[in-house]
Amino acid sequence: MSPRPAVTLRARTEADLDALYTIASDLDTWEERNPGRPTARTREAWQARVIEREADPANSMNFVIDVDGDAVGNVGLFDVDEVARHAEVGIALIPSARGKGIGTEAMARILEFAFVRGNLRRVHLEVIASNAAAIRSYEKAGFVVEGRQREHAWVRGQYEDIVRMGLLRSEWLERGTD
């Protein structure tokens with residue numbers, strides 16, 4: 001078995017913007033990352049949106065996924081509910097970082113942050129049903145399917161189901177942190 005990739009989560013720097021914009025402007029994978037209509041944003045519009053999102057750390061916590069000093073993606077918690085202690089998680093990687101265990105390791109790190117540092121009780125996500133690789137990865141992290149919204153998303157010319165998955169802190173603790 002190959003060793004886990006050396007993945008760290010860190011704050012965004014100016015040097016990361018090219019890699020992160022590559023992800024944001026990838027229309028081929030738009031539906032895997034966003035619930036809305038695909039749109040080609042200019043670099044300036046995208047960057048303004050990033051800055052706006054980061055201005056409210058109470059509602060979202062975003063990190064760059066770093067491998068050997070290079071930004072290869074981002075992962076974050078958003079729509080944080082301070083009363084019910086839950087949040088949604090989202091992750092995106094540059095194409096060359098996919099399929100190498102980097103996303104799995106980054107998800108493990110954000111879950112540890114969410115449950116230990118963020119004191120969340122529950123983390124959930126949504127994924128299009130046809131994204132089987134992502135669903136397998138999320139299940140590997142401990143997420144379980146909680147429900148399905150039938151034909152909820154318009155994806156590349158057809159309607160697709162959205163799969164809702166969740167993980168409770170108690171389940172995460174039972175699994176251990178390895």
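Using the rule -39500 (n - 2.57) for each DSSP H run of four or more residues, divided by the residues of the chain, the 222 nm mean residue ellipticity is -8000 deg cm²/dmol.
With a simple spin-label model that places each label point 7 Å from the Cα along the Cα-to-Cβ direction, the separation between Tyr21 and Glu174 comes to 4.6 nm. For the stretch 105-114, the Karplus equation 6.51 cos²θ - 1.76 cosθ + 1.60, evaluated at θ = phi - 60°, returns couplings of 5, 5, 5, 4, 6, 6, 5, 4, 4, 4 Hz by residue, with Gly and Pro reported as x. Note that the chain presents 58 Å² accessible area per residue, ligands and nucleic acids not counted, probe 1.4 Å. Residues whose amide H lies under 5 Å from that of His152, counting only those 5 or more places away or on a different chain, are Glu160, Asp161, Ile162; hydrogens are built 1.01 Å from N in the peptide plane.
Take the Cα of Glu112, step 7 Å toward its Cβ, do the same at Arg156, and the gap between the two points is 3.5 nm. Pair-distance distribution of the stretch 97-178: all C-alpha pairs, bin width 5 Å, starting at 0; shares per bin in whole percent are 3, 14, 24, 21, 17, 13, 5, 2, 0.
The values are calculated or read from the model by the stated rules, or taken from the named source; none is laboratory data. Since this is a predicted model, take the numbers as computed values, not measurements. In this analysis, Cβ positions are derived from the backbone assuming ideal geometry, glycine residues included, and neighbour counts consider all displayed protein chains. Heavy atoms of the whole protein, side chains included, go into the accessibility calculation; ligands, DNA and RNA do not. Shrake-Rupley method; radii C 1.70, N 1.55, O 1.52, S 1.80 Å.
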